[in-house]
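Colleague: What follows is a structure written as structure tokens; I'll ask about it next.
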Amino acid sequence: MLLPISRQDERMSKARPAGWNTVRVIASARALSFLGDELAIFALLLREKHHGGGALSIAAILAAGHLPLILLSPWAGTVADRVPVRRLAPFVNIGQAVFAALLAFNTPLFVSLGLVVLIGAGQAFTAPAWSATLPELVGKDALPQALSLMQALYAIAGMAGPAIAGLMVSKFGYVTPMLTNAVTFALLALVPAFLTLPFHARQRGPRQRGDVWDGLQIVRREPVIRALAILMFSLVVALGAYNVAELFFALDDLHASTFIYGLTASVFAAGQFIAALVNERREVDQARLPANIIGGALMLGLAVLLTGCAWHWALLLPTAALAGAGGSTFTAYAFALIVHRSPDESRARVISVVQAAISTGNLSALAIAGLVISLIGPRTTILLSGVASILVVAVFAPKLLRSAVQNPVGEIAPPQLVTDLPLNETE
């Protein structure tokens, strides 16, 4: 049942200029850490390939980071709601720094996979914790701008990452990029000490049986969040094969060089950056968020469809820029709407559930891509991905719009906890 908006929510919906400096520091530090991840993964993939690893090994490395986001979702979100980010993030980031440093050693593949899983486990806890803290810093109405700012800085890291990683590996070998990643985690651990962050957790009081499943119940019961989560999952599955097929399409079908293929990745990040800058300056209220989400999804689907129609590698550049712009817009506004409509005390758990759904979609798409590309070829795969993504929007977007119109209030009542679900007391 929907409740009238509370006084607390009214206060949180107002922009807080004093919190913007804090958000900028957080976004910069997390983007630097993202850059470190880019360096480490690039070096790890090259090292595994150099040691004779095949496609299965490469796929396993890419999939390993997603598993903790799925498996730890209920507990990670619960901890993020019950432990203030100023206490949680430094502890987790130091652990990630240690695991990232161990990754620099030339260990067997199963050890490297285990370390990647442990680093990803840290991400499962810190990502929802930071995202859930944003409304407490700048207010709910400023969430689209705050998330777009983060998208812009992540895009810069995405543009710079492959070039820096390639230079590091060629000049210094595989160890330096991985140690650099460890340093970025250590720096990220220091950031909360210099910021004004919420001192208390969002949810306090004794634990109740089954409250780790609170986020899942909210996603199931809140119609707008449910419709958006289904749209996000379906879109990720539809577009997942494109991410794999584009490599073969560019190099084999269009005879582009590896430099041109790398350039398309940079142009994609540039599209993300430009769209994020534009969105960061726009004021979009909650009522208009669904339309902007759908617009971003359509841009992304259209870009993939046009990519499949390309007859020369030069056409990959504008479609990559369009895809980056659409993806940035869709992601920023989708998470802004989710955070806006989530109950304050359960916000991190809701984000964690949606994060798990996206990771599940990514893994499903990777599994589908390997089979589909071998059967019908990369161009047809990309065309089908584009058509499927547009169909996903056509099928699920009306439900999102109807739900937003019928349920305009931004706060929902916490669901009744299901007492027969398993209880895990570990936090």
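The values are calculated or read from the model by the stated rules, or taken from the named source; none is laboratory data. Treat the numbers as computed from the prediction; the structure is a model and nothing was measured. Every residue, glycine as well, gets a Cβ built from its backbone with ideal geometry; the counts of neighbours run over all protein chains shown. Keep in mind that these areas ignore ligands, DNA and RNA; they rest on the heavy atoms of the full protein, side chains included. Shrake-Rupley method; radii C 1.70, N 1.55, O 1.52, S 1.80 Å.
Colleague: Leaving out ligands, DNA and RNA, and with a 1.4 Å probe, what % of the accessible surface on the chain is carbon or sulfur?
Modeller: That fraction is 69 percent.
Colleague: A follow-up question, please. Give me the net charge for the shell around G308: Cβ to Cβ below 11 angstrom, other residues only, Lys and Arg +1, Asp and Glu -1.
Modeller: -1
Colleague: Right, next: Using only the heavy atoms of the protein chains and a 1.4 Å probe, how would F172, F248, F273 rank by accessible area, largest first?
Modeller: So the residues, ranked largest to smallest area, are F172, F248, F273.
Colleague: Any idea how far the Cα center of the range 49-89 sits from the one of the range 248-314, in Å?
Modeller: 26
Colleague: Additional query: What accessible surface, in Å², does a 1.4 Å probe find on E283, ignoring ligands, DNA and RNA and rounding to the nearest 10?
Modeller: 150
Colleague: Same structure again: If the chain between I376 and S170 were fully stretched, how many nm would it gain, using 0.36 nm times the residue separation less the Cα-Cα distance?
Modeller: Extra length available between I376 and S170 comes to 70.6 nm.
Colleague: Percent relative contact order of the chain, based on C-alpha pairs within less than 8 angstrom and at least six residues apart?
Modeller: Relative contact order comes out at 28 percent.
Colleague: Provide the FRET efficiency to the nearest 0.05 for the R87-I260 pair, computing r from the beta carbons and using R0 = 45 Å.
Modeller: 0.45
Colleague: Identify the trypsin sites (Lys or Arg not before Pro) of the range 246-314 meeting these criteria: DSSP loop state and at most 15 other C-beta atoms within 10 Å of the C-beta.
Modeller: Counting only loop positions with at most 15 other Cβ atoms within 10 Å, the trypsin sites (Lys or Arg not before Pro) in the range 246-314 are R281, R282.
Colleague: Report the label-to-label distance for L45 and F194 in nanometres (one decimal), using points 7 Å from each Cα along the Cα→Cβ vector.
Modeller: In this crude label model, L45 to F194 measures out at 3.2 nm.
Colleague: Given the -39500 (n - 2.57) contribution per DSSP H run of 4+ residues, what per-residue ellipticity at 222 nm results for the chain, rounded to the nearest 500 deg cm²/dmol?
Modeller: Theoretical 222 nm ellipticity from helices: -26000 deg cm²/dmol.
Colleague: Roughly how many Å² is the accessible area per residue of the chain, as a whole number, for a 1.4 Å probe?
Modeller: With all protein chains present, the chain gives 43 Å² per residue.
Colleague: Within the chain, how many Lys pairs that are eight or more residues apart, or on different chains, come under 29 Å at the alpha-carbon?
Modeller: Taking the Cα cut-off of 29 Å, the pair count is 4.
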